[in-house]
Amino acid sequence: MSGSLTLAKRAAVAGRVVLAVGGGYGIAALATILLSLTLPLPRAEAVTAATLASFAVMVGVVVVAFAARSLGRAAAILGGLALALALALRLATGSFPFGFGS
Amino acid sequence: MTLLVAGGLGFLGLAALCLSLGRHHQALWPSPPTRPRVLGLRAAGWTLVALSLAAALHFDGGAFGPVHWLGSLIGAALLLVVTLSYRPRALVWMAALAVVVTFGAALA
Amino acid sequence: MKQGFRQSMAWLHTWSGLVVGWVLFAVFVTGTATYYRAEISRWMQPELHRQAAIGPEALAHAADLAVAHLEAHAGEARSWFIGLPTPERPLVELFWRTRPGTAPDHVLLDPRTGAPAAMRATKGGDLLYRFHFELHLPPLWGRWIVGICAMVMLVALVSGIVTHRRIFSDFFTLRRDKAAQRGWLDAHNVSGVLALPFHLMITYTGVVTLAIMYMPWGVTAAYKGDQFAYFAETGQITKARPAAGQPGTLAPVGPMVARALATIPEPLERLVVSNPRDANSTVVAVFEEPHGLSHEHPQVAFAGTSGTIVEVLSGGLRPAAKTFTTMVGLHEAHFAGPALRVLFFLCGLMGCAMVGSGLVLWTVARLPKAGTATGFGWRLVHTLNIGTIAGLPGGIAAYLIANRLLPADLAGRSEREVQAFFGVWILVAAAGAAANAWLAPRQAWRGALAAVAGLFAAAVLADLVLARALWDDPAWFLGFDAVLLAVAAGFALISRKVDRFRAPGRARREAAAAVGTPRMERA
């Protein structure tokens with residue numbers, strides 16, 4: 001844990017941080033959008049429930065990003081999750097809303 | 001009032017749970033606890049903690065009950081830990097006091 | 001990081017806790033103080049005299065006086081906020097913002113005459129309240145920084161729980177006879193584990209209070225980003241009434257106050273007037289929360305020019321919205337009576353202790369071996385630790401002292417108090433940093449904490465000497481001073497404790513000397 005970190009190790013840690021922050025927020029945002037649009041509740045209720053849950057989703061994703069055995073594995077898991085959510089969103093709405101190309 | 005009843009029961013329950021651990025058992029008794037005693041203390045401890053939750057739910061309902069229960073339990077735990085670290089022997093009369101407070105507040 | 005799950009979580013806990021620890025400590029301290037925001041404000045304005053109940057006529061009259069003042073001084077503002085007098089705080093409090101981006105204007109009026117209230121200008125408890133989620137930065141910056149730190153705290157909590165093998169036995173164990181590192185570890189474990197339900201609750205609900213700002217994408221998708229429409233549809237605010245663009249005259253608000261009071265059986269808290277000079281102006285009467293966990297202010301909206309009721313909001317939230325407002329309510333704990341509030345306050349203190357002891361633990365666990373120099377990283381963390389853990393409380397004490405020492409009619413008085421707060425904070429931090437050059441870490445800690453204890457004692461002294469003649473309720477003020485003295489005593493006690501902890505090096509040497517009688521080190 002002390003001074004003798006190699007460059008490769010530092011890069012791996014930095015990679016995990018970027019992956020956890022970007023991936024965590026991105027996946028949480030995608031999940032929020034998906035649930036907001038698809039939960040079988042009145043619109044306001046669906047958005048509220050999705051938004052309330054989103055922070056737990058993000059914490060879970062961050063834990064996974066740091067717990068995975070290697071950086072590549074972590075990236076694969078998070079990438080898969082994001083892709084699945086995006087596809088589900090595409091199926092649910094017929095388009096990728098805002099900025100994901102519609 | 002709920003805080004006193006739930007807190008008193010919680011204090012007694014947590015004290016029993018804590019005395020079931022070897023280190024703290026020896027603060028009051030000379031030897032490590034025997035197996036039956038450990039089980040007895042644990043059973044009594046969890047029962048009392050469950051009773052304190054039941055009391056809080058009974059007095060304050062499903063919304064305020066859990067809040068009062070957790071609040072009083074955390075307060076009781078803090079008191080217990082400080083007592084154990086600084087005056088472990090005081091646990092004897094504090095447990096007696098907790099019984100009095102619990103019954104007093106429940107009947108008041 | 002090619003280790004097991006537990007090790008990677010331990011690593012995550014250590015480093016995520018460290019990087020946000022200083023901000024979290026400040027957020028916890030100011031948040032804990034905010035449980036007594038109203039009391040701090042009252043202590044800082046000893047000229048204020050409480051009143052018996054305030055009747056509906058007096059309330060309506062106060063509202064009319066408030067609007068008259070705003071018509072004269074804030075005609076250009078897009079909205080007016082009128083805090084109405086209560087028996088605890090018999091003042092009319094006005095806020096308005098003339099241009100976006102500028103600081104809001106703020107005035108306190110006497111509710112009977114409408115003249116500016118004759119009392120010292122201060123931000124009172126509001127400084128600590130706003131610092132708690134804005135860090136005295138531009139609001140957007142502060143809120144995002146606090147939100148990110150809160151998310152990292154959630155991660156640190158979850159990874160901390162996972163790291164713990166023996167939560168059950170650590171629950172009760174505070175060893176005070178062992179080496180420094182053990183002591184700090186126990187303090188960190190006990191304060192973290194005892195109040196764990198509180199820590200999880202307060203962190204998650206804290207993020208939730210600003211959820212729509214941090215995670216707006218659900219609203220973006222379902223409402224095309226119209227947050228007002230979303231909040232109105234959930235039943236948390238009244239529907240927005242856009243400005244007509246034509247001038248209009250605001251009807252007298254006194255009768256609106258009377259009708260609002262007849263509609264909702266709660267104390268009236270404030271009025272919000274939107275577009276006051278527009279034909280489509282709106283007056284919203286906002287009431288105190290009814291008894292309950294949920295943060296839900298009943299509201300009555302009036303058309304400003306006619307004074308007719310356009311909307312009444314009172315309860316009836318659906319489950320998800322109710323969950324949301326209950327989370328916000330739990331975070332604020334407005335529902336807590338005196339005893340429960342003390343428990344919330346103690347839990348907050350345990351949060352401060354958890355974050356503070358965690359930060360200190362990082363340095364104690366990495367204390368350089370005897371004879372070797374400390375690295376830059378270690379010195380940086382140590383300096384920031386002293387600067388935050390001693391500096392912030394020192395700043396709060398200085399804020400209270402400045403409140404008593406500065407003349408009541410000084411120009412820019414409330415800003416001077418804030419300068420005292422930050423000035424002393426920086427001073428303590430700088431002294432701590434400078435002390436690194438010639439003092440051992442332990443001595444620097446002892447000195448800084450003792451200084452904080454002295455500052456809190458000085459605040460009590462300043463109150464007793466300078467403000468005693470103003471107290472309307474001596475027992476109340478003496479009670480507040482007693483709490484300040486208890487805080488001072490707490491810091492003095494920790495200062496002594498820090499001094500008595502033996503550095504691991506010395507403990508080890510003594511253990512080696514006493515090798516004939518080895519003591520079992522039971523983990």
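The chymotrypsin sites (Phe, Trp or Tyr not before Pro) of segment C:429-470 that meet both conditions, a loop assignment by DSSP and at most 14 other Cβ atoms within 10 Å of the site Cβ, are C:Trp438.
Around C:Gln299, what is the net charge, scoring Lys/Arg as +1 and Asp/Glu as -1 over all other residues with Cβ under 12 Å from its Cβ?
Residues close to C:Gln299 contribute a combined charge of -4.
Of A:Ala29, A:Ala86, A:Ala44, the residue with the greatest mean-square motion in the GNM of chain A, using alpha carbon springs below 10 Å, is A:Ala44.
Label-to-label distance for B:Ala108 and B:Ala27 is 2.7 nm, based on points extended 7 Å past Cα in the beta-carbon direction.
In loop segments of segment A:22-75 as defined by DSSP, the trypsin sites (Lys or Arg not before Pro) with at most 14 further C-beta atoms inside 10 Å of their C-beta are A:Arg69. Its relative contact order, with pairs defined as Cα atoms under 8 Å and 6+ residues apart, puts chain C at 17 percent.
Computed over the alpha carbons of segment C:388-450, Rg followed by Dmax gives 13.7, 45 Å. Taking 7 Å steps out from each Cα toward its Cβ at C:His106 and C:Lys224 produces label points 3.8 nm apart.
Each of C:Ile212, C:Ile389 was scored by other Cβ atoms within 10 Å of its Cβ. Arranged with the fewest first, they read C:Ile212, C:Ile389. Between C:Leu200 and C:Asp64, what FRET efficiency comes out of the Förster formula 1/(1 + (r/R0)^6) with R0 = 41 Å and r the beta carbon distance, rounded to 0.05? Result of the calculation: an efficiency of 0.30. Shown for chain B are the DSSP H helices of 18 Å or more along their axis, judged by Cα atoms, with a mean Kyte-Doolittle hydropathy of at least 1.6: B:2-19, B:91-107. Applying 0.36 nm per residue to the separation of C:Ala408 and C:Gln7 and subtracting their alpha-carbon distance, the gain on full extension is 138.6 nm.
All Cα-Cα distances of segment C:371-507, cut into 5 Å bins from zero to the largest, leave 2, 10, 17, 18, 17, 13, 9, 6, 4, 2, 1, 0 percent in each bin in turn.
Near A:Gly23, once Lys and Arg are set to +1 and Asp and Glu to -1 for all other residues with Cβ below 15 Å from its Cβ, the sum equals +2.
Here segment B:2-107 was treated as a single set of alpha-carbon atoms; its pair distances binned every 5 Å from 0 give 2, 14, 23, 23, 18, 11, 6, 2, 0 percent. When the alpha carbon gyration tensor of segment B:30-71 is reduced to an equivalent ellipsoid, its three semi-axes come out at 31, 9, 5 angstrom, largest first. Sorting the Cα pairs of segment C:145-236 by distance into bins of 10 Å, from 0 upward, gives 14, 32, 24, 15, 11, 4, 0 percent per bin. Between C:Ala53 and C:Ala240, full extension at 0.36 nm per residue minus the direct alpha carbon distance yields a gain of 64.0 nm. Take the Cα of C:Ile148, step 7 Å toward its Cβ, do the same at C:Leu380, and the gap between the two points is 1.6 nm. Each peptide among C:17-26, C:55-64, B:76-85 gets the average number of other Cβ atoms lying within 10 Å of its residues, and from highest to lowest they stand as C:17-26, B:76-85, C:55-64. Go ahead and run the numbers for FRET between C:Lys369 and C:Gln443, Cβ-Cβ distance against an R0 of 25 Å, rounding to 0.05. It comes to 0.85.
May I ask for the percentage of alpha-carbon pairs in chain C that lie more than 44 Å from each other? Could the numbers behind the result be given before it?
On the way: 32536 of 136503 pairs.
Roughly 24 percent, rounded to a whole number.
Give me the net charge for the shell around C:Thr34: Cβ to Cβ below 15 angstrom, other residues only, Lys and Arg +1, Asp and Glu -1.
+1
Across the protein assembly as shown, the convex hull enclosing all Cα atoms gives 197 Å³ per residue. Can you tell me the equivalent ellipsoid semi-axes for segment C:197-252? Use √(5λ) from the Cα gyration tensor, largest first, whole Å. With the √(5λ) rule applied to segment C:197-252, the semi-axes are 32, 16, 9 Å.
As a length-normalised measure over Cα pairs under 8 Å and 6 or more apart, the relative contact order of segment C:371-507 settles at 29 percent. Note: relative contact order over segment B:1-95, using C-alpha pairs below 8 Å and six or more positions apart, is 40 percent. At a Förster distance of 30 Å, what's the computed FRET efficiency of C:Glu266 paired with C:Leu461, Cβ-Cβ distance as r, to 0.05? It comes to 0.15.
From the Cα gyration tensor of segment C:61-134, with a ≥ b ≥ c the square roots of its eigenvalues, which class applies: rounded if a/c is under 1.5, or else prolate if a/b is larger than b/c, or else oblate? It comes out oblate by the Cα gyration axes.
Here the ratio of the Cα radius of gyration of segment A:9-93 to 2.2 N^0.38 Å is 1.18.
No lab work stands behind these numbers, since they all come straight from the coordinates. Just so we're clear, the structure is a prediction, and the values are computed from it rather than from any experiment. Using ideal geometry, Cβ is built from the backbone for each residue, glycine included, and neighbour counts are taken over all protein chains shown.
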